[in-house]
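The block underneath contains the structure these notes are about, expressed in structure tokens.
The values are calculated or read from the model by the stated rules, or taken from the named source; none is laboratory data. Everything quoted here is computed from the prediction, not taken from an experiment. In this analysis, Cβ positions are derived from the backbone assuming ideal geometry, glycine residues included, and neighbour counts consider all displayed protein chains. Note: areas computed on protein heavy atoms with side chains; ligands, DNA, RNA excluded. Shrake-Rupley method; radii C 1.70, N 1.55, O 1.52, S 1.80 Å.
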Amino acid sequence: MQKVASYDKLNSVQPQKMYDILSDILRKYPAIENGIIFWSHGTGWLPTGNKTRSFGDDNGESIDIDDISKSIPKKMNYIIFDACYMGCIEVVTELHEMSDYFILSPDIVPSDGIIDALSIDILVGEEPLENRLKKVCKYYANEKNNNKNLPIALVKSSELDNMMQLCSNLTIDNLNEEIYFYPYRTNIIFYDLGSFIYSKKKNQASDIIDNFIVYHTDSIPNNVCLSIFLPNENNLSYHEYYSATKWNLKTNWLRKFGFSSNNSTSLSLKN
């Protein structure tokens, strides 16, 4: 193995440092295909400090997903989040302009991660990119983890607008159905996007979902291994923070559930 570059001691989740290093790599090593693997701890769109949300742990500091988007110098062919809970529609919406594809998990990722030497060999292979990315997902979900069928999704960002329109047009009357969720500590905030949509649209939305999520683990019927936040009276403390996410701004998500986007005041739901 050959060392190609070294950097002075720095904090890897500082946006300007990330931008500078990625720019340096892209300039020195031009390629016909570019991808980034973000490996660390993750909490999706959730706040992890006084103001940051989602990703990284470098001496206790994290980086906001919006800052990640600003720290990528050019659009990538793929971005892989080798971290827990990053598989949510809110993360994809925040970063979709910076990558054609995303590989991410909505749940806990085991300590040995999604990517290893064999995954890298698959990524740099000769097949079409989407096929290679699907193989990476299948390898992680099954072979790498003794056929545990761990949740993972491959998302095609060019189809986000169709998914956004589908969700924007959903009628929200009640959430009494059993919607699958991925536990996060003691909180219930990462609901499965497919489980939610199919509870409202039954099978009428399958083409839109399949075009957007081109691979997902299929161990649980209707699950697509990408999460979404469903606001309710039990998670009011997250609403003010959530109101600033691009997903909420583009879909008026909080208002669809009868909550103000400007505060945590509950409004009456239309039955």
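Highlighted here are the helices (runs of 4 or more DSSP H) found entirely within the stretch 136-254 that include at least 3 residues which are small (Gly, Ala, Ser): 193-201.
From the list Tyr215, Tyr198, Tyr180, which one is touching a Leu at 6+ places or on another chain (Cβ under 6 Å) and closer than 29 Å to Lys148 by Cβ? Explain how you work it out, then say what you get.
Working: Tyr198 fails: touching a Leu at 6+ places or on another chain (Cβ under 6 Å); Tyr180 fails: touching a Leu at 6+ places or on another chain (Cβ under 6 Å).
The unique qualifying residue is Tyr215.
Scanning the stretch 211-236 for residues that are within 18 Å of Leu170 (Cβ to Cβ), at pLDDT 95 or above and open to solvent by 20 Å² or more (accessible area, probe 1.4 Å) yields one hit, Asn211. The lone criterion from (1) under 15 Å from the mean Cα position of the chain (by Cα); (2) without any contact (Cβ under 8 Å) to a residue 60 or more places away in the chain left unmet by Arg185 is number (1).
Taking each residue of the stretch 127-139 that is touching a residue at least 12 places away in the same chain (Cβ under 8 Å) and looking for partners that are buried (at least 18 other Cβ atoms within 10 Å of the Cβ) and among the small types (Gly, Ala, Ser) with beta-carbon atoms closer than 7 Å, six or more apart or interchain, yields Val136/Ser119; Tyr139/Ser119.
Listed here are the residues, each with its yes/no results for (1) within 24 Å of Ala31 (Cα to Cα); (2) modelled with pLDDT of 95 or more.
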{"position": "Ser69", "(1), (2)": "yes, no"}
{"position": "Gly87", "(1), (2)": "no, yes"}
{"position": "Asp100", "(1), (2)": "yes, yes"}
{"position": "Ser105", "(1), (2)": "no, yes"}
{"position": "Ile114", "(1), (2)": "yes, no"}
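Against the condition open to solvent by less than 70 Å² (accessible area, probe 1.4 Å) and of a type in the set (Lys, Arg), how does Lys156 come out, does it pass? So Lys156 fits the description; yes.
Suppose we filter Trp247, Trp253 for residues that are in contact with a Pro (Cβ under 8 Å, 6 or more places away or on another chain) and either touching a residue at least 40 places away in the same chain (Cβ under 8 Å) or buried (at least 17 other Cβ atoms within 10 Å of the Cβ) (or both); which single one remains?
Details: Trp247 fails: in contact with a Pro (Cβ under 8 Å, 6 or more places away or on another chain).
Answer to the check: Trp253.
Let's see how each residue does on (1) at pLDDT 85 or above; (2) in contact with a Leu (Cβ under 8 Å, 6 or more places away or on another chain):
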site	(1), (2)
Asp8	no, no
Val13	no, no
Ile25	yes, no
Ile36	yes, yes
Trp45	yes, no
Phe55	no, no
Asp58	no, no
Ile63	no, no
Asp66	no, no
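For the stretch 75-91, give me the residue count where each residue is assigned to a strand (DSSP E or B), among the aromatic types (Phe, Trp, Tyr) and open to solvent by 10 Å² or more (accessible area, probe 1.4 Å).
Applying the first criterion (assigned to a strand (DSSP E or B)) to the stretch 75-91 yields 76-82, 88.
Retained after the next criterion (residues that are among the aromatic types (Phe, Trp, Tyr)): 78, 81.
Pick out the ones that are also open to solvent by 10 Å² or more (accessible area, probe 1.4 Å) and you get 78.
Count: 1.
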